[in-house]
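Chemist: If you scroll down you'll find the structure; I have some questions about it.
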Amino acid sequence: MIVIAADLEKANTTFHEQQPDGRRGERYTTIETGAVAQSMSLMAEARGLTAVPIGGTGDQALAEVLALPADLSPLGLFLLGCRPA
């Protein structure tokens, strides 16, 4: 399992001037999360592995279980495994 996480506050601070509500950084992290998941899916397929991206998680519970630093928010999970023989 790979966890994709980001510091949303830092992303928003970096790009705050690009959107009136100051939340443009969240959009960019969402786009990048999708790109990372797609790249991992393609790489897994090329290596004969199964790959399942998961976006519907309980963010706070997942952060607690993984003991993520307070500044990181989990954005998605990516499960990798071997194909059945």
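The values are calculated or read from the model by the stated rules, or taken from the named source; none is laboratory data. These figures come from a predicted structure and were not determined experimentally. Reconstructed Cβ throughout: ideal geometry from the backbone, glycine too, with neighbour counts over all protein chains shown.
Chemist: Tell me which of these ASP59 doesn't satisfy, since it passes every other one: (1) more than 16 Å from ILE4 (Cα to Cα); (2) surrounded by fewer than 16 Cβ atoms within 10 Å (Cβ to Cβ).
Modeler: Status for ASP59: all satisfied but (1).
Chemist: Kindly check whether there is at least one residue in region 43-62 that is farther than 17 Å from PHE78 by Cα, in contact (Cβ under 8 Å) with a residue 40 or more places away in the chain and not aromatic (Phe, Trp, Tyr).
Modeler: No, region 43-62 contains no residue that is farther than 17 Å from PHE78 by Cα, in contact (Cβ under 8 Å) with a residue 40 or more places away in the chain and not aromatic (Phe, Trp, Tyr).
Chemist: Let me ask something else about it. Just checking, how many residues over region 26-53 are within 22 Å of ALA11 (Cα to Cα) and of a type in the set (A, V, I, L, M)? Outline the logic, then answer.
Modeler: From region 26-53, those within 22 Å of ALA11 (Cα to Cα) are 26-39; that's our starting set.
Those still in the list that are of a type in the set (A, V, I, L, M) too: 31, 35-37.
Residues that pass the stated criteria total 4.
Chemist: Here's another thing I want to ask about it. Among what's in region 4-51 and is crowded, with 17+ Cβ neighbours inside 10 Å and assigned to a strand (DSSP E or B), pick the residue that is farthest from the chain's Cα centre (by Cα).
Modeler: Here the residue is ALA51.
Chemist: Something else: What residue, among those in region 64-85 that are at pLDDT below 90 and of a type in the set (Gly, Ala, Ser), is nearest to GLN38 (Cα to Cα)?
Modeler: For region 64-85, the residue satisfying everything is GLY76.
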